[in-house]
């Protein structure tokens, strides 16, 4: 346990000491939120649009987009540990694989917390509040952390599998594809193109976005929250298992 | 000319043979096209949205501009990488006419943009792109796109040659990103609200985008002002790139 805490502390310190990792992860989602909400405000005039403020609708994108940066950051950190030989030395310790990965991802969770609180603060300052109240705000932070863990685990898996940072950078566009092919810009039932609506329906990112939106726009919606948390947790568990398996393979090779 | 050809060939070869460089430059504009044309197609039902050629064509106008600009921006990254690796220093010692170096980067950016535009156009045609303009309109459309590509690569080259490090990436990319997205990207100018509307009013990209969409729809508008403004900015960025070259020569 002590070793995991040391690893977690190292991960947090390393992440927070890199402004190049924190600043874009905060600035770009906020920039997109700001541009989206002004550029697409007129979309709220569409019949069936769930709110009269596009800012309220688009706030969810900031949380998910921020978490996408976690994947990149986590992957880059793990790849750097592989390239420097640190992971090889760790493999000599009796640490369990999942503990080792979780320790490595603690920094990403710290970054996720900073992001969630920042986006929530911006949402409260410039939006119309959180429909689900204070409890909803707490759940938003929890959902945001779960998604950060899920995407961070995917980043760690890619790094462990490929062993270099370039591969992580190469996979980064795919994460954006997952965001773009979701209900990012309009509710699913308002998407006119059939194939796009089908992809968005199968895409777990849509349910993560809808989980946030339910709390911000509607209030408490058990189904949306269950799907949001379920998709995030499902991705986290699968990615963590894959990362653990990749770590085992890497240790055997070592 | 020889220098320009050699620099262009090397850059095009590097880009075309490295998947880590080729794939993102093709995929990103495609993602944008798919996400906007597919996800936002209902937006053309908003009261006041008046564009007969359809939403796919409306989005294509923007993605065409984006692909052109990013072809230039990514070439700016290549210039920075060449300086960081020390290749540019050797290139400057060996080149008889150093202006040809900038010309070579310019040429390679045009090839990159043309390739990306070709891919996007094929996908867009499959997805329902309707070009209502005649042959002259189409020539005007792609000439404007290549002018955008030129100003982006000259701006990027100027920054990269002054900073001479990959850290120059955000300084090249951020202004281009902001100019592109602070224009009427998803809806016509009249439907923009808030600060983006104010920014779009003074943003020269708005003029270019509206001209491109007019050419696509076969209802050309603001074409001459768009060409005049773009040519003027290309002239300014040419001076900027030349200044960058002089700066790099001083340390070479």
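The table for this structure:
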{"item": "Candidates B:217, B:200 - the one that is within 14 Å of chain A (Cβ to nearest Cβ) and modelled with pLDDT of 90 or more", "result": "B:200"}
{"item": "Tally, over the range A:49-76, of residues that are within 14 Å of chain B (Cβ to nearest Cβ) and at pLDDT below 90", "result": "2"}
{"item": "Residue in the range B:157-166 that is surrounded by fewer than 18 Cβ atoms within 10 Å (Cβ to Cβ), within 20 Å of the chain's Cα centre (by Cα) and either at pLDDT below 95 or within 29 Å of residue B:78 (Cβ to Cβ) (or both) present", "result": "yes"}
{"item": "Matching residues, the range B:1-44, being more than 24 Å from residue A:42 (Cβ to Cβ), within 14 Å of chain A (Cβ to nearest Cβ) and either assigned to a helix (DSSP H, G or I) or in contact (Cβ under 8 Å) with a residue 60 or more places away in the chain (or both)", "result": "B:19, B:20, B:21, B:22, B:23, B:24, B:25, B:26, B:27, B:28, B:29, B:30"}
{"item": "Pair list, Cβ under 6 Å, 6 or more apart: the range A:111-126 residue over 14 Å from residue A:152 (Cβ atoms), other residue surrounded by 24 or more Cβ atoms within 10 Å (Cβ to Cβ)", "result": "A:119/A:62; A:119/A:63; A:123/A:59"}
{"item": "Among (1) assigned to a helix (DSSP H, G or I); (2) touching a helix residue (DSSP H, G or I) at 6+ places or on another chain (Cβ under 8 Å) - the single one residue B:139 does not satisfy", "result": "(2)"}
{"item": "Filter result for the condition that a residue is in contact with a helix residue (DSSP H, G or I) (Cβ under 6 Å, 6 or more places away or on another chain) and modelled with pLDDT under 85, over B:80, B:95, B:109, B:37", "result": "B:95"}
{"item": "Helices (runs of 4 or more DSSP H) contained entirely in the range A:99-209, each with at least 2 residues that are closer than 13 Å to residue A:70 by Cα, within 14 Å of another protein chain (Cβ to nearest Cβ) and modelled with pLDDT under 90", "result": "A:165-180"}
{"item": "Residue within the range B:164-171 that is touching a helix residue (DSSP H, G or I) at 6+ places or on another chain (Cβ under 6 Å), more than 12 Å from chain A (Cβ to nearest Cβ) and free of Cβ contacts under 8 Å to residues at least 40 places away in the same chain present", "result": "yes"}
{"item": "Those residues of the range A:210-239 which are outside any helix (DSSP H, G or I) and on the phi < 0 side of the Ramachandran plot, in sequence order", "result": "A:220, A:221"}
{"item": "Candidates A:86, A:69 - the one that is free of Cβ contacts under 8 Å to residues at least 60 places away in the same chain, within 16 Å of residue A:116 (Cα to Cα) and either more than 20 Å from the chain's Cα centre (by Cα) or buried (at least 22 other Cβ atoms within 10 Å of the Cβ) (or both)", "result": "A:69"}
{"item": "Test result for residue A:214, facing chain B (nearest Cβ under 9 Å) and crowded, with 24+ Cβ neighbours inside 10 Å", "result": "no"}
{"item": "Residue in the range B:51-58 that is in contact (Cβ under 8 Å) with a residue 40 or more places away in the chain, within 12 Å of chain A (Cβ to nearest Cβ) and either under 19 Å from the mean Cα position of the chain (by Cα) or within 21 Å of residue A:176 (Cβ to Cβ) (or both) present", "result": "yes"}
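Here's the yes/no breakdown for (1) more than 25 Å from residue B:141 (Cα to Cα); (2) in contact with a helix residue (DSSP H, G or I) (Cβ under 9 Å, 6 or more places away or on another chain); (3) at pLDDT 85 or above:
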residue: B:9; (1), (2), (3): yes, yes, yes
residue: B:25; (1), (2), (3): no, yes, no
residue: B:28; (1), (2), (3): no, yes, no
residue: B:62; (1), (2), (3): no, yes, yes
residue: B:65; (1), (2), (3): no, yes, yes
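The values are calculated or read from the model by the stated rules, or taken from the named source; none is laboratory data. Small disclaimer: the values here were computed from a predicted structure and weren't measured. All Cβ positions, even for glycine, are placed from backbone atoms using ideal geometry, and neighbour counts span all protein chains on display.
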